[in-house]
């Protein structure tokens, strides 16, 4: 073995390469981690993953639906409840799609949703056909869906812990205010209010309420399912 | 000896390729080793293509820690072997296998969603090219050109200057 400079360089030169890459990776990663920790500490934030949806335990939340039109039905599907008519239509659509060889997963997606541990216990709609559709589709032997004549009846019945409001826009604020004053949790979508004065009134109602007020905007989310542990942090 | 000098450029190029691929693997591995929050979950959960069920099964809570550990261990192994030139053939093979798995998890085939890719690809992407490069390394070990085996190798490649 000849220990010339050339031999030593070519034989051992790979070691510093290894060391450099190792050092760069380790130093870069730890520096980034330290920077992140410093920012979090400064902001006093505990990073945590969003709570997983499948683990919701305890008594199911009793939900009332106000307005069971197109959006009402869609929101109920997000909660895990579909009408018999919709399921039949989707099955037909899926069969057709299969025949034509194109993908169609609406029904599958619906069935694969995470369970939210809630019950639909009441519905309120001025249109008989729609209210009856909800009663017919969502009632189970142990949990019949009750139809209420007005939203006030439903909110004040004491049998509903949370309401999903899917009515025409000008009803959003009055119904939300009524529910919050009775400590009933609210999910309502944009527009939250119809007039400026309503906005302030709604803010007061939300501040003084023990219930959670949630406004859906673009994307409905799953927070409704966690209401029992949610507390005032989720409010307005 | 004249045949050796003809192949000078080729051997040195493959050696350079080996060190660079090793560099890439080692850095990817080290970054994951030093970041305890790193997980392959997102990559596996968004898998596409025919092997989607397999990759999604790997992302389940029970196996994920093993998959993560195996992944960084394999990356570091490939990195060390290719840079130092020791067990380089095993390293090249493991590297090609890993890259093929990455390729199959997110194949750049027409009609598949391209998630987290920075370029435009049609069937061929960087993972596939690097996998084939690993194949070249497997068939052309170069540890005796540059790397620890050179110290122990009796069959040294001659330098450009021929000595008679």
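For residue B:113, only one of the following conditions fails: (1) farther than 30 Å from residue A:10 by Cα; (2) within 13 Å of chain A (Cβ to nearest Cβ); (3) in contact with a helix residue (DSSP H, G or I) (Cβ under 7 Å, 6 or more places away or on another chain). What is its number?
With respect to (1) farther than 30 Å from residue A:10 by Cα; (2) within 13 Å of chain A (Cβ to nearest Cβ); (3) in contact with a helix residue (DSSP H, G or I) (Cβ under 7 Å, 6 or more places away or on another chain), residue B:113 is out only on (3).
Checking residue A:35 against (1) at pLDDT below 85; (2) more than 10 Å from chain B (Cβ to nearest Cβ); (3) over 29 Å from residue A:212 (Cβ atoms), which single condition isn't satisfied?
Looking at each condition in turn, residue A:35 falls short on (1).
Residues are listed down the side, and each one gets a yes or a no for (1) at pLDDT 95 or above; (2) crowded, with 21+ Cβ neighbours inside 10 Å; (3) in contact with a strand residue (DSSP E or B) (Cβ under 6 Å, 6 or more places away or on another chain):
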position	(1), (2), (3)
A:195	no, no, no
A:203	no, no, no
A:213	no, yes, yes
A:216	no, no, yes
A:228	no, no, no
A:233	no, no, no
A:236	no, no, yes
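Collect the residues in the range B:51-72 that are in contact (Cβ under 8 Å) with a residue 12 or more places away in the chain and under 17 Å from residue B:99 (Cα atoms), keeping them in residue-number order.
B:51, B:55, B:58, B:67, B:68, B:71, B:72
Out of the residues in the range A:179-193 that are buried (at least 21 other Cβ atoms within 10 Å of the Cβ) and not in a loop (DSSP other than H, G, I, E, B), which is nearest to the chain's Cα centre (by Cα)?
Ranking the qualifying residues of the range A:179-193, first place goes to A:187.
If residue A:116 satisfies every condition in (1) within 28 Å of residue A:131 (Cβ to Cβ); (2) touching a helix residue (DSSP H, G or I) at 6+ places or on another chain (Cβ under 6 Å); (3) assigned to a helix (DSSP H, G or I) but one, which is the exception?
(3)
With the condition kept exactly as written, say whether any residue in the range A:90-98 is in a loop (DSSP other than H, G, I, E, B), modelled with pLDDT of 85 or more and surrounded by 13 or more Cβ atoms within 10 Å (Cβ to Cβ).
No, because not a single residue in the range A:90-98 is in a loop (DSSP other than H, G, I, E, B), modelled with pLDDT of 85 or more and surrounded by 13 or more Cβ atoms within 10 Å (Cβ to Cβ).
Return the total of residues in the range B:54-88 being out of contact with any helix residue (DSSP H, G or I) (no Cβ under 7 Å at 6 or more places or on another chain) and within 14 Å of chain A (Cβ to nearest Cβ).
Matching residues across the range B:54-88 total 2.
Right, residue B:36: outside any helix (DSSP H, G or I) and more than 14 Å from chain A (Cβ to nearest Cβ) or not?
Here the answer is no, as residue B:36 does not meet what is asked.
Within the range A:1-24, how many residues are closer than 16 Å to residue B:153 by Cα and facing chain B (nearest Cβ under 8 Å)?
Qualifying residue count, the range A:1-24: 8.
The values are calculated or read from the model by the stated rules, or taken from the named source; none is laboratory data. Fair warning: this is a prediction, and the values are worked out from it, not measured in the lab. Because the Cβ atoms are built from the backbone with ideal geometry, glycine has one as well, and the counts that use them run over all protein chains shown.
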